[in-house]
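Since the structure comes first, as structure tokens, the remarks are kept for the end.
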Amino acid sequence: MTTCEDSQLVARVVSTQDTDAFGELIRRHQSHVRNFLRKLTGDFTTADDLAQDCFIHAWDKLLTFSGRGSFIGWLLKIAYTTFLQSKRKSKRYGEILDQVGHANEVNDRSYTVESDEVGDLDRFLAVLTDEERAIMVMSYACGLSHREIGESMAMPVGTVKSVIFRGKEKIRTSFDIKDHQHG
């Protein structure tokens with residue numbers, strides 16, 4: 001297969017249901033999606049399951065990709081929505097277990113640091129809300145522009161910048177990190 005732009009591959013999938021073209025889109029972006037979801041969930045297995053769900057949703061919704069903005073930005077929006085839906089289902093499942101008298105391990109599951117292998121980034125991200133974590137990962141780990149993040153998260157660019165600023169401040173405060181620019 002010759003190298004095509006993402007938009008060309010999307011057009012092939014939409015027009016002819018070309019599964020090879022969709023497979024190429026998955027190959028190009030699966031590591032970004034999985035890493036994004038791993039940073040949100042703190043769990044490799046859950047992230048991989050959610051990534052699969054994300055790509056199934058992407059296949060079903062590919063007609064909604066307008067070509068404005070990057071394909072990876074659109075895909076990360078689906079990944080984030082998939083994550084939020086999973087979290088809601090998990091919370092409801094935990095509430096049902098509580099009602100029938102079982103320990104609520106699902107609802108209490110928080111973003112935890114499990115070993116020395118987990119880097120400082122994961123510890124820093126753990127102090128952020130889901131939305132802050134998603135935006136920080138999109139910006140710093142995935143390299144999306146503020147505009148692309150805004151499109152993915154359905155928020156103005158100024159809000160994206162504010163969330164990034166507040167997230168960095170929260171990390172600095174939580175870990176007593178000095179800002180080299182301000183002393």
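The values are calculated or read from the model by the stated rules, or taken from the named source; none is laboratory data. Bear in mind that the values here come from a model prediction, so they are computed numbers and not experimental data. When we count neighbours, we look across all protein chains shown, and the Cβ atoms used for this are built from the backbone with ideal geometry, even at glycine.
Please work out if D122 is outside any helix (DSSP H, G or I) and charged (D, E, K, R). Here the answer is no, as D122 does not meet what is asked. Inspect the range 77-97 for any residue being basic (K, R), within 17 Å of H32 (Cα to Cα) and at pLDDT 90 or above and give the result as yes or no. Checked the range 77-97: at least one residue is basic (K, R), within 17 Å of H32 (Cα to Cα) and at pLDDT 90 or above. Restricting the range 36-73 to residues that are more than 19 Å from E151 (Cα to Cα) and of a type in the set (D, E, K, R), the residue that is surrounded by the fewest Cβ atoms within 10 Å (Cβ to Cβ) is D60. If you go through the range 17-37 one residue at a time, do you hit one that is in a helix (DSSP H, G or I), out of contact with any strand residue (DSSP E or B) (no Cβ under 7 Å at 6 or more places or on another chain), touching a residue at least 24 places away in the same chain (Cβ under 8 Å) and of a type in the set (D, E)? Within the range 17-37 (the criterion being in a helix (DSSP H, G or I), out of contact with any strand residue (DSSP E or B) (no Cβ under 7 Å at 6 or more places or on another chain), touching a residue at least 24 places away in the same chain (Cβ under 8 Å) and of a type in the set (D, E)), the answer is no, since none of the residues qualifies.
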